[in-house]
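Please read the structure below before turning to the comments.
The values are calculated or read from the model by the stated rules, or taken from the named source; none is laboratory data. All values derive from a computational prediction rather than experimental measurement. All Cβ positions, even for glycine, are placed from backbone atoms using ideal geometry, and neighbour counts span all protein chains on display.
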Amino acid sequence: MSLQPSLRRGALAATALAFCVGALGACAAGNNAQTLEIKPDNARAQVGDIKVQNALVIAQPERESKGPAVIAAKLFNNGDRDQVLESVSAGGERAELKPAKGEKTAGKLVVPAHGALILGGKDNASVSLRTLPESIQLGDASPVTFTFSRTGDVKLDSFVVPAEGEFTKWGPEKVPSQPTKPPAESGKPSGSASPSADPQASASATGSPSPGESQGAEGQGGSGIAPGEHDPAGDAGH
């Protein structure tokens, strides 16, 4: 079940995103609460006992950024048995799953029977993408697949939004910026001959490397350093 056509209607995007934030942050709202009876134009889908609601891909604000990004959502289980969220993928990239802080579920993300699970935000379970696939663009809608232990795949299209404003607390951490090349040290010899140098001294140095040649060979070593990858993530409740 997917709402792909409506997700791409730009005129409704701002309203839908506002509902997403409100629904994810409603600590007291349950699956049957009145706040969830409102059906905004946002990403939601239901297969069997599992309902995925308010799904968002939250990426870095800079369009040229390659990641990381997070997937935020609220998962409901209307069945009588717990279900494990086994995997999440977006744009062909498989996400990394981490349980909520303090959870004793052996590293698994469990959606309890007749309960819910929040994805994203401080101390909540997290679903993160180390790199952002080229097919995922800010302002667009991206196909996301949630795979559960009993229900199987639940597919839907999710808004791709920048980690700004209301989405800052749900979004990923910032990517370290590319380090700038340090300026050349001014105290080292340049290797050029002095006009007042003794011709005899210059002749005696023939065949030995000049200071400039030695420094040039050393200077080629440190230009290829690249920053490491950085792992990402509302504070929300059920």
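Of the listed requirements (1) assigned to a strand (DSSP E or B); (2) modelled with pLDDT of 95 or more, D80 misses just one: (1).
From the list A73, A100, the one residue that fits, being of a type outside the set (K, R) and not in a strand (DSSP E or B), is A100. Contact map, the range 107-127: first residue aliphatic (A, V, I, L, M), second residue surrounded by fewer than 18 Cβ atoms within 10 Å (Cβ to Cβ) and in a strand (DSSP E or B), Cβ cut-off under 6 Å, separation 6 or more or different chains; pairs are V110/V84. With respect to being at pLDDT below 85, exposed (fewer than 12 other Cβ atoms within 10 Å of the Cβ) and part of a loop (DSSP other than H, G, I, E, B), G191 falls outside the description.
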